[in-house]
Amino acid sequence: MARALITVPRTAKRGEILEIRALVQHPMETGYRRSSEGDLLPRDLIRRFSCRFVESGKTDDTGVIVIAATLHAAIAANPYLSFNLRAATSGTLAFNWEGDNGFSHREQVALIVT
Amino acid sequence: MRKIGVATRVIALAMLGFVSLAVAQSTRQSGFDFMQPATQALQKDDTQNPAMLWVKDGQAIWAQRDGATQKSCADCHGDIKRTRGVAARYPQYSAEAKGVINLSQQINQCRTTHQQAKAWPAEDASLLGVETAIAVESRGQPLAPPAQSQLVDAQKRGEAAFDRRIGQVDLSCRDCHESLAGKRLGGNIIPQGHPTGYPIYRLEWQAVGSLQRRLRNCMTAVRSEPYPYGASELVDLEAYLANRAAGMQLESPGVRP
């Protein structure tokens, strides 16, 4: 089971620019390395990260993408991403990591805008 | 910030006339002080330090029932915050184990005797998670090995090993970590070899690892046969290192290059 550490301010003022941080546990195996026995280690990467914003009271699939990124082999294990967001209304930030071998990790964090 | 803190202490102590003591104390530096600012920043910020993922794992395991007794660590020990100070005391003598053990061995002792579950293997992610989650509660505490005669014996054995030249390279731990500390070995700066940051997230490992993993790395680096995980020789070295760093602050989970 993967773990993620997400840092979002609990509350924010309307119009304020927030820094969001997301760290996820993942080996990010490149597919180019060999084990000590000489066998090629199979590629195991997170391929895509996205964060959607869902306004309070709306259903999940109405969310808008705030940021999305495609990840590649040169990114270190346990990738850390941070980005900025302008707070407009209260809602939920839905984080999603997807990758090789069916990897999928989702987290939701509430954002209260006053 | 750290360096200024030490410097002011030196001045304060010098004014009090404790010059020789102050020099001995101020010359001790954590591996943190030898790192690049970018690596230091990773360690200083819990939202960026990847080891915090292991801590989160460990905190979850603390509350999980396991083994034949179906007890969790929390059932017997309460809130993990109550372990404050514990990590700063290890290795220590354990009457149950009839010997000196490190923190991970104490955790496994609880697994096998109190939970009646299988011991976690060395460097297992769950074991490192729990160990790191316990260590983080003692952050900022001075390393304080207890006064136990069995521990003193282990420290002495560890000190002898620290001075023994080993491997094809024929260097002792002290050669590198005292005489050559601060100098470069290939791309790395040789630190003083203090155990204050363990378990650490090492960028080279891309994972959290134990002090024993680090010590085994140093042994292989000088082309000597490393002791196996859990060997009493490694625990003796850990006991000596803790005593050599007594009074320095625990900074787990450290980040190292």
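The values are calculated or read from the model by the stated rules, or taken from the named source; none is laboratory data. Bear in mind that the values here come from a model prediction, so they are computed numbers and not experimental data. Here Cβ is always computed from backbone atoms with ideal geometry, including for glycine, and neighbour counts include all displayed protein chains. In case anyone asks, the SASA skips ligands and DNA or RNA and just uses the protein heavy atoms, side chains included. Shrake-Rupley method; radii C 1.70, N 1.55, O 1.52, S 1.80 Å.
Within segment A:45-73, the residues that satisfy the criterion of being outside any helix (DSSP H, G or I), touching a residue at least 24 places away in the same chain (Cβ under 8 Å) and open to solvent by 40 Å² or more (accessible area, probe 1.4 Å) are A:R47, A:R48, A:R52, A:E55, A:S56, A:K58, A:V66, A:H72. With the condition kept exactly as written, say whether any residue in segment B:63-81 is outside any loop (DSSP other than H, G, I, E, B), at pLDDT 95 or above, touching a helix residue (DSSP H, G or I) at 6+ places or on another chain (Cβ under 7 Å) and small (G, A, S). Taking every residue of segment B:63-81 in turn, at least one turns out to be outside any loop (DSSP other than H, G, I, E, B), at pLDDT 95 or above, touching a helix residue (DSSP H, G or I) at 6+ places or on another chain (Cβ under 7 Å) and small (G, A, S).
Among the residues of segment B:126-170, those identified as surrounded by 19 or more Cβ atoms within 10 Å (Cβ to Cβ) and not in a helix (DSSP H, G or I) are B:E137, B:S138, B:L143, B:P145. If you go through segment A:22-44 and keep only what is aliphatic (A, V, I, L, M) and surrounded by 12 or more Cβ atoms within 10 Å (Cβ to Cβ), you end up with A:A22, A:L23, A:V24, A:M28, A:L41. Any idea which of B:R244, B:R213, B:R174 is basic (K, R), buried (at least 20 other Cβ atoms within 10 Å of the Cβ) and in contact with a helix residue (DSSP H, G or I) (Cβ under 9 Å, 6 or more places away or on another chain)? Exactly one of B:R244, B:R213, B:R174 is basic (K, R), buried (at least 20 other Cβ atoms within 10 Å of the Cβ) and in contact with a helix residue (DSSP H, G or I) (Cβ under 9 Å, 6 or more places away or on another chain), namely B:R244. Within segment A:95-110, identify whether any single residue is within 14 Å of chain B (Cβ to nearest Cβ), in a loop (DSSP other than H, G, I, E, B) and not hydrophobic (A, V, I, L, M, F, W, C), and answer yes or no. No, because not a single residue in segment A:95-110 is within 14 Å of chain B (Cβ to nearest Cβ), in a loop (DSSP other than H, G, I, E, B) and not hydrophobic (A, V, I, L, M, F, W, C). For the condition in contact with a Pro (Cβ under 7 Å, 6 or more places away or on another chain) and more than 14 Å from every other protein chain (Cβ to nearest Cβ), B:S179 does not qualify.
Look at (1) open to solvent by 80 Å² or more (accessible area, probe 1.4 Å); (2) closer than 30 Å to B:I61 by Cβ; (3) assigned to a strand (DSSP E or B) and you find that A:N84 fails only one, number (2). Would it be correct to say that B:G182 is outside the structural domain of B:Q106 (by TED's automatic domain parsing), part of a loop (DSSP other than H, G, I, E, B) and farther than 30 Å from A:S35 by Cβ? Here the answer is yes, as B:G182 does meet what is asked. Scanning segment A:7-44 for residues that are charged (D, E, K, R) and not in a strand (DSSP E or B) yields A:R10, A:K13, A:R14, A:E16, A:R33, A:E37, A:D39, A:R43.
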